[in-house]
Amino acid sequence: PSVNPPPLPQIHQTDSYEVASNKIFIQFKVYKKTALGTALLDTGNLTHSLIDERFVRPIELKLAPAPIQLKAINDTPVSVKGILKDSLRIFVEGINQFVSIQPLVVEGLSFPL
């Protein structure tokens with residue numbers, strides 16, 4: 001369904017966050033919440049979308065168990081806390097509809113995405 005997205009603040013990137021003139025970080029707003037977040041566009045991801053527990057905890061999203069083990073690129077284990085129990089609707093900058101995701105919730109991402 002098409003819903004008018006709320007206005008998002010402009011993102012001010014430095015050259016270190018740009019690749020071939022394309023942003024790799026974009027902002028999003030959680031549907032029906034005041035929470036704003038930053039997402040990393042990761043087209044090489046071969047598993048699931050991830051979100052840091054530092055983002056999930058304050059907006060009190062419910063988790064379900066996720067019996068999955070992940071490793072970082074350097075082979076370090078990633079602590080999976082669960083998967084969002086319900087899909088999360090977000091407005092992504094530049095997209096006029098909300099997007100539904102159901103990411104794994106992990107501990108200790110480099111950025112609280």
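The values are calculated or read from the model by the stated rules, or taken from the named source; none is laboratory data. Every value quoted in this text rests on a predicted model; they were computed, and no experiment measured them. Using ideal geometry, Cβ is built from the backbone for each residue, glycine included, and neighbour counts are taken over all protein chains shown. Quick note on the areas: whole protein, heavy atoms, side chains included, nothing else; ligands and nucleic acids left out. Shrake-Rupley method; radii C 1.70, N 1.55, O 1.52, S 1.80 Å.
Remarks
- Flag if Val80 is modelled with pLDDT of 85 or more, within 18 Å of Ile95 (Cβ to Cβ) and not small (Gly, Ala, Ser): no
- Scanning the stretch 56-98 for residues being within 17 Å of Leu40 (Cβ to Cβ), among the β-branched types (Val, Ile, Thr) and free of Cβ contacts under 8 Å to residues at least 60 places away in the same chain gives a total of 3.
- When residues of the stretch 84-113 are limited to those that are open to solvent by 40 Å² or more (accessible area, probe 1.4 Å), under 13 Å from Leu50 (Cα atoms) and in contact with a Leu (Cβ under 6 Å, 6 or more places away or on another chain), the one modelled with the lowest pLDDT: Ile101
- No other residue among Ile101, Ile95 is out of contact with any strand residue (DSSP E or B) (no Cβ under 7 Å at 6 or more places or on another chain), under 15 Å from Tyr31 (Cβ atoms) and of a type in the set (A, V, I, L, M) apart from Ile95.
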